[in-house]
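Each remark here refers to the structure printed beneath this line.
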Amino acid sequence: MRALYMSPLSPYTRKVRVMLAEKGLAYENKPVAMDRLQNDYGCEINPCGRVPALDDNGRILFESNVILDYLLTQYPGTPEDAPRPALVPALVRAEHRWDDLQVLSAIETLLNSGLTMLRFGTHSGVVKDPPYLEREHKRVHSILDWLDKRATPEGFVPGWFSVLDLNLVVSVQWVDFRKLFDWRGRSNIDRLVAFHAQRPTIPPSHPSLPA
Ligand SMILES: N[C@@H](CCC(=O)N[C@@H](CS)C(=O)NCC(=O)O)C(=O)O
């Protein structure tokens with residue numbers, strides 16, 4: 001049995017949904033009501049009390065990028081009709097390990113800033129963004145400038161669909177869905193996102209669609 005503890009609008013959950021689709025792995029969705037979290041979810045599934053978490057035949061994993069790493073390692077194959085470019089075989093490239101891990105961390109920080117804006121900005125009901133959100137806006141633009149220098153129009157790892165690409169596409173599509181900030185206007189990132197957003201495994205889990 002394979003089950004994904006999830007929330008339909010969660011970008012972190014979506015990364016795992018895309019990877020499960022890439023691998024052609026069947027699973028059951030287990031929606032988690034974050035506002036009415038049962039204590040046994042924290043005790044038995046994810047001590048952080050967050051989604052996603054994956055139960056893969058009794059092995060429980062949490063943290064989206066750890067789950068992606070697990071799925072790539074544990075299920076090295078892809079279906080015969082898998083989309084092109086091919087999915088990378090590993091979370092990061094051995095020969096570019098530190099560069100790739102930094103890109104992943106920067107995208108994670110961008111998404112965290114987006115969540116902070118969602119929780120404490122005008123979306124949370126306040127009339128005006130509190131001044132400390134200015135810092136989050138500066139941060140995301142600094143990250144985007146930095147990422148643009150490391151990206152190519154066809155991805156962070158040209159010739160492949162990488163976990164870095166997956167993280168970025170899902171993050172900026174969620175930012176658009178929540179109307180948090182304008183990430184566009186950088187040529188490599190704009191083209192990278194347009195290129196990989198077409199991939200058949202990406203659109204079905206878009207947050208605007210029913211789960
Ligand atoms: N670093 C975690 C972040 C997961 C996360 O923040 N998930 C959100 C949903 S988008 C959540 O569960 N929030 C509920 C909470 O923080 O209480 C990951 O990559 O899985």
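The values are calculated or read from the model by the stated rules, or taken from the named source; none is laboratory data. These figures come from a predicted structure and were not determined experimentally. When we count neighbours, we look across all protein chains shown, and the Cβ atoms used for this are built from the backbone with ideal geometry, even at glycine. These area figures cover heavy atoms from the full protein model, side chains too; ligands, DNA and RNA do not enter into them. Shrake-Rupley method; radii C 1.70, N 1.55, O 1.52, S 1.80 Å.
Summary table below
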| read-out | value |
| --- | --- |
| Carbon/sulfur fraction of accessible area - the stretch 45-168, other protein chains in place, 1.4 Å, % | 53 percent |
| Long-range HN-HN contacts of N29 with modeled amide H, under 5 Å | L4 |
| Relative contact order of the stretch 2-82, pairs being alpha-carbon contacts under 8 Å that are 6 or more residues apart, as % | 38 percent |
| Most fluctuating residue given options G121, G77, G42, as computed from a GNM of the chain linking Cα atoms under 10 Å | G42 |
| ³J(HN,Hα), Karplus 6.51/-1.76/1.60, whole Hz, each residue of the stretch 174-180, x for Gly, Pro | 5, 4, 5, 4, 8, 6, 8 |
| Accessible area expressed per residue, the stretch 2-82, with surrounding protein chains retained (probe 1.4 Å, Å²) | 50 Å² |
| Segment R119-M34, length gained on full extension (0.36 nm per residue, minus Cα span) | 29.2 nm |
| Of K23/K138; K15/K179; K15/K149, pairs whose Cα-Cα distance is over 26 Å | K23/K138 |
| Qualifying aspartates and glutamates (Cα of each under 19 Å from Cα of K30; at least 8 residues distant if same chain) | D40, E44, D55, D56, E63 |
| Neighbour cut-off at most 11 other Cβ (10 Å), DSSP loop, trypsin sites (Lys or Arg not before Pro), the stretch 51-124 | none |
| Size-normalised alpha-carbon gyration radius of the chain, reference 2.2 N^0.38 Å | 1.01 |
| GNM result for the chain, Cα springs below 10 Å: residue of D69, D182, D190 fluctuating most strongly | D182 |
